[in-house]
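In what follows, a structure is listed as structure tokens, so that the remarks can point back to it.
The values are calculated or read from the model by the stated rules, or taken from the named source; none is laboratory data. Keep in mind the model is a prediction, meaning the values are calculated, not measured. Cβ atoms come from the backbone with ideal geometry, glycine included; neighbour counts cover every protein chain shown. Remember, those area values only see protein heavy atoms, side chains included, never the ligands or the DNA or RNA. Shrake-Rupley method; radii C 1.70, N 1.55, O 1.52, S 1.80 Å.
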Amino acid sequence: KLYDEGLLHCIISYNYDLSVESIEEFDDKFYYPIDCEDFEDSRIPFYKLHGSLNWKEGPLNQNQITRDDNNIVPMKYLSAADYIQPSIICPTLFKQEINIDFQWDYRARFYKTLWKKCWQYLQEADSVIIVGFSFPATDWHAQMLFESAGSKRGGFKKVVYCHKDDKPEKINEIKSIFGGADFIEESKGLESLADNIGNFLKFIES
């Protein structure tokens with residue numbers, strides 16, 4: 001619905017799965033911004049900020065991260081100098097790929113470039129819809145991404161937060177990330193958001 005109405009301008013995901021890639025005509029509608037210049041592409045950018053099961057990496061001397069369309073990368077390990085695995089940032093508090101200045105590490109260069117592109121894109125956004133992401137403590141980088149991008153351009157105007165029975169203190173935490181933005185929540189999960197998408201579209205467009 002958002003896509004059809006022309007209101008979907010980018011997708012940001014912290015998941016590794018290939019749910020979005022499974023969408024029919026994915027390649028005609030979306031693209032990975034790390035592969036091309038945003039301003040030269042009419043498709044919708046899809047930022048997978050913690051990596052993906054279809055992104056492939058190996059030892060440091062390989063010096064690149066490649067992608068394999070919609071297929072999960074098979075893991076192979078023979079030695080520290082000969083292995084293949086999906087390229088993902090592990091769910092820990094200490095995420096060295098984006099937290100440490102490892103310019104010699106191709107993984108760090110890749111992910112820092114990806115996060116920078118996303119940050120620049122967010123500076124142009126007026127509205128944000130958050131589905132199923134509660135900004136956990138291990139992902140404080142995500143909070144800083146939205147806070148700093150919003151502050152660069154006067155803040156976001158509208159925020160829709162879709163969750164399933166989050167506690168009031170968590171709701172308040174997330175509200176604080178987006179400052180004075182108009183905030184509305186859907187507390188019964190994604191299915192309810194989809195059923196009532198018309199109301200949320202009116203909120204965003206108002």
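Here the Karplus curve 6.51 cos²θ - 1.76 cosθ + 1.60, taken at θ = phi - 60°, turns the phi angles of region 9-20 into couplings of 10, 6, 10, 10, 10, 9, 8, 9, 5, 10, 4, 5 Hz, with x standing for Gly and Pro. Are there trypsin sites (Lys or Arg not before Pro) in region 1-72 that DSSP marks as loop and that have at most 11 other Cβ atoms within 10 Å, and which are they? For trypsin sites (Lys or Arg not before Pro) across region 1-72 that sit outside H, G, I, E and B with at most 11 neighbouring Cβ atoms in 10 Å, the list reads 1. Close amide H pairs (under 5 Å, H built 1.01 Å from N) link residue 44 with 30, 31, residues at least 5 positions away or on another chain. Across the options 133, 65, 151, the greatest Cα extent toward the positive end of the charge dipole of the chain (unit charges at beta carbon of Lys, Arg, Asp, Glu) belongs to 151.
Of all beta bridges that DSSP places with both ends in the chain, some 40 percent have antiparallel geometry. Summarising the amide proton neighbourhood of residue 51: residues at separation of 5 or more, or on other chains, whose placed amide H is nearer than 5 Å comprise 89. Ignoring solvent entirely, what values of log10 I(q)/I(0) come out of the Debye formula for region 20-139 at 0.09, 0.12, 0.17, 0.23 Å⁻¹ when each Cα is a single scatterer? So the normalised log intensities work out to -0.28, -0.51, -1.03, -1.59.
At a 1.4 Å probe, what is the % contribution of carbon and sulfur to the accessible area of the chain? Mind dumping the intermediate values first?
Details: 5870 of 11570 Å².
That share works out to 51 percent.
If you fit an axis through the alpha-carbon atoms of helix 140-152 and take the longest principal axis of the Cα set of the chain, what angle between them do you get, 0 to 90°, nearest 10? Here the helix axis deviates by roughly 60 degrees.
What does the helix-only formula give at 222 nm for the chain: each DSSP H stretch with n ≥ 4 adding -39500 (n - 2.57), the total divided by the residues, and the result rounded to the nearest 500 deg cm²/dmol?
Working: 7 runs with 63 residues, N = 206.
Estimated from H runs of four or more residues: -8500 deg cm²/dmol.
Rounded to the nearest 10 degrees, the inclination of helix 106-122 to the longest alpha-carbon principal axis of the chain is 20 degrees. Pairs spanning more than 24 Å between alpha-carbon atoms, out of 56/117; 56/170; 76/117: 56/170; 76/117.
Would you mind working out the accessible area per residue for the chain, using a 1.4 Å probe, and quoting it in Å²? Spell out each step's value before the answer.
Values: 11570 Å² over 206 residues.
Dividing the accessible area of the chain by its residue count gives 56 Å².
Taking Cα atoms, how many degrees apart are the long axis of helix 168-177 and the longest axis of the chain, rounded to 10 and kept between 0 and 90? Approximately 70 degrees, to the nearest 10. For region 88-206, relative contact order (Cα pairs under 8 Å, six or more residues apart, normalised by length) works out to 23 percent. Only the Cβ atoms of Lys and Arg (+1) and of Asp and Glu (-1) were treated as charged; on that basis the dipole of region 134-206 about its Cα centre amounts to roughly 300 debye.
Hey, got the dipole for the chain? About the Cα centre, +1 on K and R Cβ, -1 on D and E Cβ, debye to the nearest 20?
Numbers: 23 positive and 34 negative charges, 136 e Å.
Magnitude of the dipole: close to 660 debye.
Pairs 95/152; 158/202; 112/157; 29/95; 48/158; 116/152: which exceed 20 Å Cα-Cα? The answer is 95/152; 112/157; 29/95; 48/158. The tail of the calculated P(r) for the chain, taken as Cα-Cα distances beyond 24 Å, holds 46 percent of the pairs.
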